[in-house]
Amino acid sequence: MSRRWLLAASALATTAVSLGAGLRPPPARGDLDDDKAYQLAFAEALNADREVRRHTTSGREILYRPRQLLTADADTWRVAAWLRNGGHAVTVADRFAGVTRLLFAGETDIPGVVTRLRDPRQWPGQPVPAVQPHHVLLGLGNIMGNPGGPPRTVAALPPPDSARLGEGAGVTVGICDTGIWRQAGDVHPEWLGGAYLPESDDEDPLYVHGDVLAPQGGHGTFVAGVVRQAAPGVRVDPESALGPTGVGDEAMLVAALGRLAPEVSVVNLSLGGFTLDDQPSLPLANAVAGLPSTTAVVAAAGNAGINRPVWPAALHRVLSVAAVAATDTGPVPATYSGFGPWVDACALGQHDSTFVDGRLPLPGRPTRRFRGFATWAGTSFASAYVAGRLAALMTTAGLSAEAARLALLAAPRWHPDYGVLVG
């Protein structure tokens with residue numbers, strides 16, 4: 001059964017696009033609907049970020065940090081020598097997760113430099129060095145594809161079912177995201193109160209000014225609520241890996257992983273990005289490999305609606321999660337969701353969840369006002385749900401996180417490009 005057939009069976013079927021909102025020109029302002037207005041707001045915020053560059057060669061599109069190149073520690077000095085011999089002024093900056101960051105003195109075509117460094121003809125009689133741009137990662141609310149919609153106001157959630165409070169009890173899920181709203185535990189006492197240890201460096205800044213929300217302000221709080229709905233007894237450990245605009249990078253994610261509490265046994269990563277030539281991210285592969293062998297890592301498959309791998313989801317050890325949409329005849333692939341044989345599981349991408357207070361202005365559209373709850377769609381939330389269900393499986397079956405991951409993946413694949421369906 002092909003993905004095309006599955007999509008044709010759904011009234012939601014649309015033409016998938018190949019680029020995410022951060023990688024393509026923003027939509028025109030004329031006749032904007034809410035989804036296009038949200039894409040425009042995000043694109044404008046991204047355009048204003050002076051520490052983001054676009055590489056737009058077809059099929060190789062990425063976002064990356066300017067003037068930065070990452071190289072495996074063992075290759076640093078010969079790469080630096082090659083660059084200096086070629087007339088580049090570079091300095092060694094810092095190291096993280098087995099890579100060294102080289103800084104260029106001026107603006108440089110980093111993808112072009114990496115492509116030349118990866119050419120075996122540059123290294124006769126030597127191994128090709130491991131090098132890459134410093135990739136930018138995005139929070140994967142429904143913004144990296146089409147449709148790309150904002151959160152929407154929804155009624156308050158009912159309290160957790162008391163009969164389910166044992167699901168996930170004793171398990172801690174790490175959430176590397178935008179952080180968590182300072183008032184989350186007070187405003188959502190039944191869902192988030194006492195579910196995490198409040199720490200100042202975990203707070204989501206949320207606002208551009210006053211009570212005006214950044215495009216992904218509150219994303220981490222929403223994700224935490226989805227995890228708790230999937231396993232009401234679980235604890236969460238929120239860590240900041242993204243700014244409230246939804247933008248981060250590999251170094252920020254590595255640092256967030258390093259701050260996770262020792263008791264974390266499941267890690268949820270509702271973020272990701274494309275890499276140059278679709279090669280695995282060096283620092284993320286090293287950071288994930290450095291986690292305890294019993295830890296399970298779950299990550300979103302992205303919202304670009306194509307089969308190009310998204311990292312860290314596509315790493316072998318990571319349980320990658322695509323999104324499906326509900327219809328009267330059953331689940332169908334969400335048109336925005338990433339897919340492919342590298343995807344391990346799928347779940348509903350649209351959820352109602354805990355959110356924040358604030359206003360979200362959209363170009364040419366009425367301002368949205370939120371009072372603690374929202375509905376949102378994206379592989380971010382499918383991933384969060386699967387992370388919670390892993391925690392629930394750990395308690396109901398008495399399994400370690402890794403054993404629960406293997407048990408979940410032992411079920412038949414719902415579809416070759418979407419993996420196991422997690423309900």
Check A410, A384 and return the single one that is crowded, with 21+ Cβ neighbours inside 10 Å and hydrophobic (A, V, I, L, M, F, W, C).
A384
Subset of segment 56-75 (residues that are farther than 24 Å from A214 by Cβ, of a type outside the set (S, T, N, Q) and modelled with pLDDT under 95)
G59, R60
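Are any of the residues in segment 358-366 farther than 30 Å from A195 by Cα, of a type in the set (A, V, I, L, M) and in contact with a Ser or Thr (Cβ under 8 Å, 6 or more places away or on another chain)?
no
Condition test on R368, is it at pLDDT 95 or above and of a type in the set (K, R)?
Criteria not met by R368.
To keep it simple, each residue is scored yes or no on (1) touching a Pro at 6+ places or on another chain (Cβ under 7 Å); (2) modelled with pLDDT of 95 or more.
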position	(1), (2)
G125	no, yes
P133	yes, yes
L140	no, no
I175	yes, yes
D204	yes, yes
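Would you confirm, using the coordinates I've provided, whether E167 is assigned to a loop (DSSP other than H, G, I, E, B) and surrounded by 17 or more Cβ atoms within 10 Å (Cβ to Cβ)?
Yes; evaluated as a whole, the condition is true for this residue.
Let's see how each residue does on (1) outside the structural domain of V254 (by TED's automatic domain parsing); (2) exposed (fewer than 13 other Cβ atoms within 10 Å of the Cβ); (3) modelled with pLDDT of 90 or more; (4) under 26 Å from G338 (Cα atoms):
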site	(1), (2), (3), (4)
A8	yes, yes, no, yes
S18	yes, no, no, yes
G22	yes, no, no, yes
P27	yes, no, no, yes
A43	yes, no, no, yes
R53	yes, no, yes, yes
H88	yes, no, yes, no
D94	yes, yes, yes, no
A105	yes, yes, yes, no
Are there any helices (runs of 4 or more DSSP H) wholly within segment 204-314 with 3 or more residues that are farther than 27 Å from V187 by Cα and touching a residue at least 40 places away in the same chain (Cβ under 8 Å), and if so which?
250-258, 282-289
Inside segment 45-118, counting only strands (runs of 3 or more DSSP E) that do not spill past its ends, which hold 3 or more residues that are over 26 Å from the mean Cα position of the chain (by Cα), more than 30 Å from L362 (Cβ to Cβ) and free of Cβ contacts under 8 Å to residues at least 24 places away in the same chain?
90-96
Of the numbered conditions (1) free of Cβ contacts under 8 Å to residues at least 12 places away in the same chain; (2) crowded, with 24+ Cβ neighbours inside 10 Å, T354 fails exactly one; give the number of that condition.
(1)
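Among the β-branched types (V, I, T) and touching a Pro at 6+ places or on another chain (Cβ under 7 Å): which single residue out of T76, T56, T71, T108 fits that description?
Every option except T71 fails the conditions.
The values are calculated or read from the model by the stated rules, or taken from the named source; none is laboratory data. Remember, predicted model here, so these are calculated numbers, not experimental data. For neighbour counting, all protein chains shown are included, and Cβ atoms are generated from backbone atoms with ideal geometry for every residue, glycine included.
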